[in-house]
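Worksheet: the structure to be examined is printed underneath.
The values are calculated or read from the model by the stated rules, or taken from the named source; none is laboratory data. Since the model is a prediction, treat every value here as computed from it, not as a measurement. Quick reminder, even Gly has a Cβ in these numbers, built from the backbone with ideal geometry, and neighbours come from all protein chains shown. When the accessible area is computed, the model is the full protein with side chains, heavy atoms only, and any ligands, DNA or RNA have been set aside. Shrake-Rupley method; radii C 1.70, N 1.55, O 1.52, S 1.80 Å.
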Amino acid sequence: MNLTLKIWRQKDAKAKGKFVTYKINDISPDCSFLEMLDILNEQLVEKDEEPVAFDHDCREGICGTCSLYINGRPHGPDEAVTTCQLHMRKFKDGDTIVIEPWRAKPFPVIKDLIVDRYAFDKIIQAGGYISVNTGGVPDANAIPVPKEKADLSMDAASCIGCGACVAACKNASAMLFVSAKVSQLALLPQGKTEAKRRVQKMVAKMDELGFGNCTNTYACEAECPKEISVENIARMNREFLGAKIGGNKKEK
Amino acid sequence: MTKLNSKTPEGPLAEKWRNYRSNQNLVNPANKRKLDIIVIGTGLAGAAAAASFAELGFNVKVFCIQDSPRRAHSIAAQGGINAAKNYPNDGDSIYRLFYDTIKGGDYRAREANVYRLAEVSNNIIDQCVAQGVPFAREYGGLLDNRSFGGALVSRTFYARGQTGQQLLLGAYGALSKEIEKGSVEMYTRHEMQDIVIIEDRARGIIARNIITGELERHFGHAVVLATGGYGNVFFLSTNAMNSNGSAIFRAYKKGALFGNPCFTQIHPTCIPVHGDYQSKLTLMSESLRNDGRIWVPKNKEDAEKIQKGELKPTEIAEEDRDYYLERRYPAFGNLVPRDVASRAAKERCDAGYGVGPTGLAVYLDFEDAINRLGRDAIEAKYGNLFQMYEKIVDEDPYTTPMMIYPAVHYTMGGLWVDYELQTTITGLFAAGEANFSDHGANRLGASALMQGLSDGYFVIPYTMQNYLADQIGVKRISTDHEAFEKAEKESQERIDRIMAVKGKTSVDTFHKKLGLIVWEYIGMSRNKEGLEKAIGMIREIREEFWKDVKITGDITGMNTELEKGLRVADYIDLAELMAYDALQREESCGGHFREEYQTGEGEALRNDKEFTYVSAWEYKGDGEKPELHKEDLNFEFVEVKQRSYK
Amino acid sequence: MARTGFYQSSLTKKYVMALAGLFLITFLFVHLGINLLVLCKGSANYEARELFNIAAHFMGTNVLIKIFEVVLFGGFIIHIIYGFVLQIQNWMARPKRYKKENFSFTSPFSKFMIHTGIIIFIFLIIHLFDFYFKAKIYGDVKEVIYDGKHYHDLGLLVIDKFQHLGFVIFYVVILIFLGFHLHHAFQSVFQSLGLNHPRYMPVLKTISLIISIILPLGFMIIPLVIYFGNY
């Protein structure tokens, strides 16, 4: 396959950045999208140009490191995959592919296609866990969990924190990400104890970091590589409302 | 320095760990605040250790190369985590888990460590459930178990095909909790360059900020390396692209002994290589072997036709299929340990019975399981794996058998550590895959997660206190200290040196070349001649590398080529070390298969008389042959036997 | 946490937006019900427009309704202000836009709520001037007497207006946009309030679709029937 790539190049966080067009030839359709970029980079190095920086790590769709907004869609034109598992057979010979970094105020560009997603970590730090210390916990089978709940919890827990939901959302909202963690823990008896506090702290942090508001367009669900459902968002809305109405007077 | 004192506590096996804890030194809460611990890596071992240290009250600094601590490669483990809970009532016990692990490791691990691992395995499950890890459950609401290679009981806990992810997110949650409290300082996108040693103790690190390219100095009363394995020496492996061996290799160069470097694990169920542009291999969980049956055609002609694409696997009649694992190992069948399954696949392919366009693949067939349990049941168990396979290979595994082939997956070798997980550098600890302990010459499935979390949650928080108890008087050392100055200068020089080469060949080209050599000669099977040849070739690559490597971009700012270049420089040295180790170990054991030492049936032939030891290598300077030290493994509690899975 | 001044979480804004919207939908139904009365021609028992004028009078004079009117205006204002605030925040959340964007599959009208909202807002102002303020402030509306009581002949005002083709088209077009807005709005309320359930969500979506058709259609009938019918 022969392709034209229009790639966002930006030297560092402060630089202005622009699109640069590259031609790339003889790409196998069995090649993954990132391997196609590897080939491009190898060619750039050969020409003494600086290779395109992009985030990637596990290349098996689970670490959530890879990103890329490809032809108007996060993780490109395939359903339920991350960019590293997107294969070139999804494109046609002669296609022009526009490759952009995630765009959102809380995800500033670091270089080329790499953005800083530490905002997600900050949201988790605000309360995305069950506050137990190591040791001194009850036997694992002392806490029965109905299978349906455990399965729903697992559905939510499969979030890889890649940020595609934010990238896809016209409002750059992080609701799917936040609600996935809120749901995972709210569905389990272990997580109930601090559920009210958790949801309020996480939402407050999300707002503080400058993510947009959810307007229920569901682009997040459509683009989530792990197919996390917007039902989680509804669940979080419910949890938050419950916490506001029935919560303690003042949360620290 | 008196080397290789394993510090194994006295007493009967089952009481060693309890004895240790009862008699160890502890640090009082007020003093913990005065002590700093540096943890490198945020995988299961690193995140768990960092969180646990912080909960105890220590000041912790954590470093990772990823953009977030949640992305460490532990996340990619699919199948599950072992524990001796015996919930299924099928006869499991701590002793049995210990025994299976020792036997699975082909009797090349330290008994006391492995027993401790089995002992704390149950605590891990309790801990993870309390953290909200959504393990698979039965309708009664209790935890479900499945079976895994190398065991006759069902002791593996799992969260769909994403167990590693869920366990890591649990540990990441615990770490996040401590970051929020301010007891952990998190440094993302930082790569350790060197260990700083002051008065023979590890007292800090030099780290490179990957975004700015600046070198930074960080002090700690103790340093923990939890940086994973070095499987990426092979270029193609199931490791993540950023997983690397540089941190432990830097420690080795600073004087920490490197244990069993040649023990690498080849995982039998990976998606076969499909092109030379390929960047990494994808693992399919070993759990697939529970329901999948492995076969190749019985007739060579059929295999050849398949390779040419003239025949489909579904067209081959049942009687023309060779279920070679079931044939060779009737007792364990498709569930033999990884090394055995991998070698058997290679044997069939080398003999010309392989399938797929390259002939380097065997089938993993779910037809029977689908007929027996129904498609839905299989989808519920393995849906995400099947989907992943289909995305990569573009074939539907529900209707046509999967193709698999072995690939490098895990390195049992690593920094030599004593019972306390301390390396031969005082104050430098290694946890998880980064150390050599627990798995001997071969790791059983679902044991890596167990070891990472065991080290992190339940071992190192204790042993670290034993070390720090007499360090409470040591004031924080300024990073202006000459040792920091010197270490930073060395790191800077190394960077300058690689940038100054300005050659013509890209880093990846060298890496691929190295990988092919390692795969060919230090891979699934080795022999003397090949290893000697490999050492020569590796040396040539090193020479060429330092003459001709091309690093584009600048020293300052983010430079991915520079990062890769520094890592590949270490891989070259590491590969040589692996070859030395493989060469000296004149026996076959676990993942280390020397062609000269096999039984008449082609099984690994151990030499317990001469090689029941851990090889621990000491760095002796660039270009010098490292010195071999031996830690004898005295099996007091188990009888060392020929491993049999027949 | 930065809770300086008037802080409201994004979720609280969402609830307010949803509740105000839901309230406005119920208002639309009442509004439509009364408006349809204008089409009632005279019969043996009452004159043409009589029912409408009486109903309008009731709406304009009843104390309870008067109070409710304030609430209604409040609902409009809150829905509009929150809509703008949320939208501005959303724009700020992505200071640098994509070159090629929005190829994701989303529910069709959800992306344009602010646009359809603004259109409806502008219409609302015109609409108020056309009828509401005329009746309330200017008072230049003819009077009729039913059963000895004086009423404003607001019905006549309506019928006069819709004798102009341009006006009829304007109303019909705007109402189509209202339909777009409602299509997303109704079912979205339940998502926002967390009242969703996998079993009922498809039903709610269908109801949403029905509302988005019958409400605008109901309102459209009035100008069309007046224009083409014999009023």
* Any idea which of B:Ala109, B:Ala136 is in contact (Cβ under 8 Å) with a residue 12 or more places away in the chain and surrounded by 24 or more Cβ atoms within 10 Å (Cβ to Cβ)? -> B:Ala109
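Going by the conditions given, is A:Ser158 closer than 26 Å to A:Gly76 by Cβ, within 11 Å of chain C (Cβ to nearest Cβ) and either open to solvent by 10 Å² or more (accessible area, probe 1.4 Å) or modelled with pLDDT of 95 or more (or both)? Give the derivation first.
Working: closer than 26 Å to A:Gly76 by Cβ: yes; within 11 Å of chain C (Cβ to nearest Cβ): no; either open to solvent by 10 Å² or more (accessible area, probe 1.4 Å) or modelled with pLDDT of 95 or more (or both): yes.
Here the answer is no, as A:Ser158 does not meet what is asked.
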* Which pairs do you get when a residue that is over 16 Å from A:Ile228 (Cβ atoms), found in the stretch A:139-165, comes within reach of a residue that is among the hydroxyl-bearing types (Ser, Thr, Tyr), reach meaning Cβ atoms under 7 angstrom, with the pair 6+ apart or on two chains? -> A:Asn141/B:Tyr87; A:Lys147/B:Tyr139
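Across the stretch B:200-216, which residue is most open to solvent (accessible area, probe 1.4 Å) among those that are within 14 Å of another protein chain (Cβ to nearest Cβ) and in contact (Cβ under 8 Å) with a residue 40 or more places away in the chain? Walk me through how you get there before you give the answer.
Our first condition is that a residue be within 14 Å of another protein chain (Cβ to nearest Cβ); within the stretch B:200-216, this holds for B:209-214.
If we keep only those that are in contact (Cβ under 8 Å) with a residue 40 or more places away in the chain too, we end up with B:210-214.
Values: B:Ile210: 7, B:Ile211: 65, B:Thr212: 50, B:Gly213: 12, B:Glu214: 108 Å².
Result: B:Glu214.
So how many residues does the stretch B:150-173 have that are within 9 Å of chain A (Cβ to nearest Cβ) and part of a helix (DSSP H, G or I)? Lay out the reasoning, then the answer.
Within the stretch B:150-173, the subset within 9 Å of chain A (Cβ to nearest Cβ) is B:157, B:159-160, B:162, B:164-166, B:169-170, B:172-173.
Applying the additional criterion that residues be part of a helix (DSSP H, G or I) yields B:164-166, B:169-170, B:172-173.
Residues that pass the stated criteria total 7.
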* Counted residues, the stretch B:580-630 - those being buried (at least 23 other Cβ atoms within 10 Å of the Cβ) and among the aliphatic types (A, V, I, L, M) -> 4
* To do: Quick one: A:Arg117 ticks every box in (1) at pLDDT below 95; (2) touching a Gly at 6+ places or on another chain (Cβ under 9 Å) except a single one, so which number is it?
  => (1)
* Asked: Scanning for something under 19 Å from B:Gly164 (Cα atoms), within 12 Å of another protein chain (Cβ to nearest Cβ) and in a helix (DSSP H, G or I), does the stretch B:34-48 turn up at least one residue?
  -> yes
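Residue check: is A:Leu176 hydrophobic (A, V, I, L, M, F, W, C) and either more than 9 Å from every other protein chain (Cβ to nearest Cβ) or open to solvent by 30 Å² or more (accessible area, probe 1.4 Å) (or both)?
Values: hydrophobic (A, V, I, L, M, F, W, C): yes; either more than 9 Å from every other protein chain (Cβ to nearest Cβ) or open to solvent by 30 Å² or more (accessible area, probe 1.4 Å) (or both): yes.
Spelling it out, A:Leu176 is indeed hydrophobic (A, V, I, L, M, F, W, C) and either more than 9 Å from every other protein chain (Cβ to nearest Cβ) or open to solvent by 30 Å² or more (accessible area, probe 1.4 Å) (or both).
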* Structure fact -> Within the stretch C:12-66, of all residues that are within 18 Å of C:Val189 (Cβ to Cβ) and of a type in the set (S, T, N, Q), the one nearest to the other protein chains (Cβ to nearest Cβ) is C:Thr12
* Can you find even one residue in the stretch C:80-92 that is surrounded by 14 or more Cβ atoms within 10 Å (Cβ to Cβ), without any contact (Cβ under 8 Å) to a residue 60 or more places away in the chain and within 7 Å of chain A (Cβ to nearest Cβ)? -> yes
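Quick grid of which residues meet (1) within 15 Å of the chain's Cα centre (by Cα); (2) of a type in the set (A, V, I, L, M, F, W, C):
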| position | (1), (2) |
| --- | --- |
| B:Asn244 | yes, no |
| B:Gly255 | no, no |
| B:Phe258 | yes, yes |
| B:Tyr277 | no, no |
| B:Asn290 | no, no |
| B:Gln307 | no, no |
* Asked: Only one of these conditions is not met by A:Ala150: (1) open to solvent by less than 10 Å² (accessible area, probe 1.4 Å); (2) more than 7 Å from chain B (Cβ to nearest Cβ); (3) aliphatic (A, V, I, L, M). Which number is it?
  -> (2)
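Kindly establish whether B:Gly220 is of a type in the set (Gly, Ala, Ser), within 30 Å of B:Thr612 (Cβ to Cβ) and either within 15 Å of the chain's Cα centre (by Cα) or outside the structural domain of B:Glu561 (by TED's automatic domain parsing) (or both). First the steps, then the outcome.
On the way: of a type in the set (Gly, Ala, Ser): yes; within 30 Å of B:Thr612 (Cβ to Cβ): no; either within 15 Å of the chain's Cα centre (by Cα) or outside the structural domain of B:Glu561 (by TED's automatic domain parsing) (or both): yes.
No; evaluated as a whole, the condition is false for this residue.
Say we look at the stretch B:596-638 and pick out the residues that are assigned to a loop (DSSP other than H, G, I, E, B) and of a type in the set (Phe, Trp, Tyr); which of these is farthest from B:Arg343 (Cα to Cα)?
Just the residues of the stretch B:596-638 that are assigned to a loop (DSSP other than H, G, I, E, B), to begin with: B:596-597, B:599-603, B:605-607, B:612, B:619-626, B:633-638.
Still in the list and also of a type in the set (Phe, Trp, Tyr): B:597, B:619, B:635, B:637.
Values: B:Tyr597: 14, B:Tyr619: 32, B:Phe635: 27, B:Phe637: 30 Å.
Per the stated criteria, the residue is B:Tyr619.
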* Residue check: is B:Lys564 under 25 Å from B:Val614 (Cα atoms), charged (D, E, K, R), in a helix (DSSP H, G or I) and open to solvent by 30 Å² or more (accessible area, probe 1.4 Å)? -> no
* **Matching residues, the stretch B:270-323, being open to solvent by less than 10 Å² (accessible area, probe 1.4 Å), modelled with pLDDT of 90 or more and in contact with a Gly (Cβ under 8 Å, 6 or more places away or on another chain)** => B:Arg289, B:Val296, B:Ala303
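Within the stretch B:436-461, can you find the residues that are under 22 Å from B:Phe219 (Cα atoms), crowded, with 24+ Cβ neighbours inside 10 Å and not hydrophobic (A, V, I, L, M, F, W, C)?
Scanning the stretch B:436-461 gives a single hit, B:Gly456.
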* Does the stretch A:56-75 contain any residue that is among the aromatic types (Phe, Trp, Tyr), touching a Phe, Trp or Tyr at 6+ places or on another chain (Cβ under 9 Å) and under 17 Å from A:Val115 (Cβ atoms)? -> yes
* Structure fact -> Checked the stretch A:106-122 for anything surrounded by fewer than 21 Cβ atoms within 10 Å (Cβ to Cβ) and in contact with a Lys or Arg (Cβ under 7 Å, 6 or more places away or on another chain); matches are A:Lys122
* Asked: Among the residues of the stretch A:184-200, is any open to solvent by 10 Å² or more (accessible area, probe 1.4 Å), within 22 Å of C:Met17 (Cα to Cα) and within 13 Å of chain C (Cβ to nearest Cβ)?
  -> yes
* **Number of positions in the stretch B:7-28 that are open to solvent by 70 Å² or more (accessible area, probe 1.4 Å) and under 16 Å from B:His221 (Cβ atoms)** => 3
* Out of all the residues in the stretch B:139-149, is one or more at the interface with chain A (Cβ under 10 Å from one of its Cβ atoms), under 19 Å from B:Gly79 (Cα atoms) and free of Cβ contacts under 8 Å to residues at least 40 places away in the same chain? -> yes
* Of the conditions (1) away from chain A (no Cβ under 14 Å); (2) surrounded by 24 or more Cβ atoms within 10 Å (Cβ to Cβ); (3) outside any loop (DSSP other than H, G, I, E, B), B:Ile197 fails just one. Which one is it? -> (2)
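For the stretch C:102-121, what are the residues that are hydrophobic (A, V, I, L, M, F, W, C), at the interface with another protein chain (Cβ under 9 Å from one of its Cβ atoms) and open to solvent by 50 Å² or more (accessible area, probe 1.4 Å)?
To start, the set of residues in the stretch C:102-121 that are hydrophobic (A, V, I, L, M, F, W, C) comprises C:103, C:105, C:109, C:112-114, C:118-121.
After this cut, where a residue has to be at the interface with another protein chain (Cβ under 9 Å from one of its Cβ atoms) as well, the list is C:103, C:105, C:113-114.
Residues satisfying the conditions are C:Phe103, C:Phe105.
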* What are the residues in the stretch A:1-55 that are on the phi > 0 side of the Ramachandran plot, touching a residue at least 12 places away in the same chain (Cβ under 8 Å) and at the interface with chain B (Cβ under 7 Å from one of its Cβ atoms), if any? -> none
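Using the structure shown, decide if B:Ala77 is under 21 Å from B:Ala341 (Cβ atoms), open to solvent by 10 Å² or more (accessible area, probe 1.4 Å) and within 14 Å of chain A (Cβ to nearest Cβ). Break it down stepwise before answering.
Working: under 21 Å from B:Ala341 (Cβ atoms): yes; open to solvent by 10 Å² or more (accessible area, probe 1.4 Å): yes; within 14 Å of chain A (Cβ to nearest Cβ): yes.
Judged against the criteria, B:Ala77 is a match.
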* To do: Would you check if there is a residue in the stretch B:84-100 being within 27 Å of A:Asn133 (Cβ to Cβ) and of a type in the set (D, E, K, R)?
  => yes
